[in-house]
1. Looking only at the range 90-113, which residues are open to solvent by less than 80 Å² (accessible area, probe 1.4 Å) and in a loop (DSSP other than H, G, I, E, B)?
2. Go through the range 1-24 and give me each residue that's in contact (Cβ under 8 Å) with a residue 40 or more places away in the chain and under 16 Å from the mean Cα position of the chain (by Cα).
3. If a residue has to be loosely packed, with under 13 Cβ neighbours inside 10 Å and within 18 Å of Gly31 (Cα to Cα) to count, how many in the range 62-89 make the cut?
4. Give the residue, chosen from Leu73, Leu51, that is part of a loop (DSSP other than H, G, I, E, B) and either without any contact (Cβ under 8 Å) to a residue 60 or more places away in the chain or under 23 Å from His95 (Cβ atoms) (or both).
5. Within the bounds of the range 78-88, is there any residue that is under 15 Å from Trp32 (Cβ atoms), outside any strand (DSSP E or B) and charged (D, E, K, R)?
6. From (1) in contact (Cβ under 8 Å) with a residue 40 or more places away in the chain; (2) over 14 Å from the mean Cα position of the chain (by Cα), pick out the condition that doesn't hold for Pro63.
7. In this structure, is Leu62 part of a loop (DSSP other than H, G, I, E, B) and either within 23 Å of Arg92 (Cβ to Cβ) or not hydrophobic (A, V, I, L, M, F, W, C) (or both)?
8. Quick check on my filter: what residues within the range 25-47 are within 17 Å of Phe93 (Cα to Cα) and surrounded by fewer than 14 Cβ atoms within 10 Å (Cβ to Cβ)?
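The values are calculated or read from the model by the stated rules, or taken from the named source; none is laboratory data. Note that the coordinates shown come from a computational prediction; the quantities given were computed from them, not determined experimentally. Cβ placement follows ideal geometry from the backbone for every residue including glycine, while neighbour counts extend to all protein chains displayed. Remember, those area values only see protein heavy atoms, side chains included, never the ligands or the DNA or RNA. Shrake-Rupley method; radii C 1.70, N 1.55, O 1.52, S 1.80 Å.
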Amino acid sequence: MDARRLEAEADLLAQVFPGVGAGLDPQQGNGWVHIPSFPLPAGWSRSTTNLMVIVPGSYPHLPPDSFYVEKHLRDARGRPIDHYFEGAGHNRFAHRGWAWFCYHVRGPWRPTV
């Protein structure tokens, strides 16, 4: 994990999203980025959510995979969302109030960009 790159990219994010935090998790061998009050587009049950991205130890060679949001997010009609898991079976941060969005980067990953 390139801690300097993680910090530099978190600083860039903070220019758009105030309050961004980032850090390393030496026990897991990865990093994390937290964006408070991340704005959501129309079609969701609320207008913002806390967002957390786990950055793999092999970043930037491999992209982040999936992300976490505050629990109880639904679509605007109150329906559950595909690829979204609140329970501990799929979600290692469920006990901390996070829900897991299973999402994978599609297309080519360009680590030098």
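1. Residues of the range 90-113 open to solvent by less than 80 Å² (accessible area, probe 1.4 Å): 91, 93-94, 97-102, 104-105, 107, 111.
Residues satisfying the conditions are Asn91, Phe93, Gly97, Cys102, His104, Val105, Gly107, Pro111.
2. Listed by number, the list holds a single entry, Leu6.
3. Total satisfying the criteria: 0.
4. Leu73
5. no
6. (2)
7. Judged against the criteria, Leu62 is a match.
8. So the first thing to find is which residues in the range 25-47 are within 17 Å of Phe93 (Cα to Cα), and the list is 25-36.
Within the range 25-47, Asp25, Pro26, Gln27, Gln28, Gly29 meet the criteria.
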